Structures are given as C-alpha cells and as structure tokens.
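*Asks:* Below you'll find the structure I mean.
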Amino acid sequence: MIPQNFEEWKICIEQKCGIPLTRQFAEQRLAIYKNEKLPETQRFIARYGADHLQHIIAWFTRVVEEKKNELSV
C-alpha cells in the first residue's frame with residue numbers, strides 16, 4: 001500500500017517501519033530526493049513515479065518545518 005496522504009505516510013514510517021521522523025532524518029532524505037540525478041532518486045521515480053516523489057518531498061519538508069516550529073515554542 002502506498003500512502004496517499006501525510007498521516008498515512010507518517011504512520012507507515014514511524015509505526016510500521018520504526019523510523020523516528022527527526023528533523024535530521026528528514027533533511028537527509030530531502031537532500032537525496034531533491035536530486036533527481038542520484039541513482040536512489042531515479043530508482044524511487046521508476047518504482048513510484050514522479051508525482052509520488054513530489055508528495056514525499058512535501059511530506060519531508062513538512063516534518064522539517066514542524067520540527068523547526070517545535071524548537072521556537
């Protein structure tokens with residue numbers, strides 16, 4: 001099942017995969033997914049499509065922004 005929204009994706013990453021969505025992790029993934037020349041990003045696009053890649057980028061960006069806001073509160 002491919003997550004269709006942020007909440008589904010977050011459950012998939014954190015609960016099913018057991019990966020904490022930290023700001024550092026999100027920034028590392030963004031550095032990869034924003035570079036379409038990288039083999040990992042090319043494999044992602046081949047498997048899930050460019051539209052889903054844009055969703056993933058948006059969701060990781062949202063995590064980064066939420067973590068920034070947590071620090072400023």
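The values are calculated or read from the model by the stated rules, or taken from the named source; none is laboratory data. These figures come from a predicted structure and were not determined experimentally. When we count neighbours, we look across all protein chains shown, and the Cβ atoms used for this are built from the backbone with ideal geometry, even at glycine.
*Asks:* Can you work out which of the residues in segment 17-69 that are touching a helix residue (DSSP H, G or I) at 6+ places or on another chain (Cβ under 9 Å), among the acidic types (Asp, Glu) and assigned to a helix (DSSP H, G or I) is nearest to residue 7 (Cα to Cα)?
*Replies:* Across segment 17-69, the extreme among qualifying residues is 66.
*Asks:* Would you point out the residue of segment 1-50, among those that are under 13 Å from the mean Cα position of the chain (by Cα) and charged (D, E, K, R), that is surrounded by the fewest Cβ atoms within 10 Å (Cβ to Cβ)?
*Replies:* 7
*Asks:* Please verify whether residue 9 is touching a Pro at 6+ places or on another chain (Cβ under 8 Å), at pLDDT 95 or above and either farther than 30 Å from residue 72 by Cβ or not in a loop (DSSP other than H, G, I, E, B) (or both), treating the condition exactly as stated.
*Replies:* Values: touching a Pro at 6+ places or on another chain (Cβ under 8 Å): yes; at pLDDT 95 or above: yes; either farther than 30 Å from residue 72 by Cβ or not in a loop (DSSP other than H, G, I, E, B) (or both): yes.
Here the answer is yes, as residue 9 does meet what is asked.
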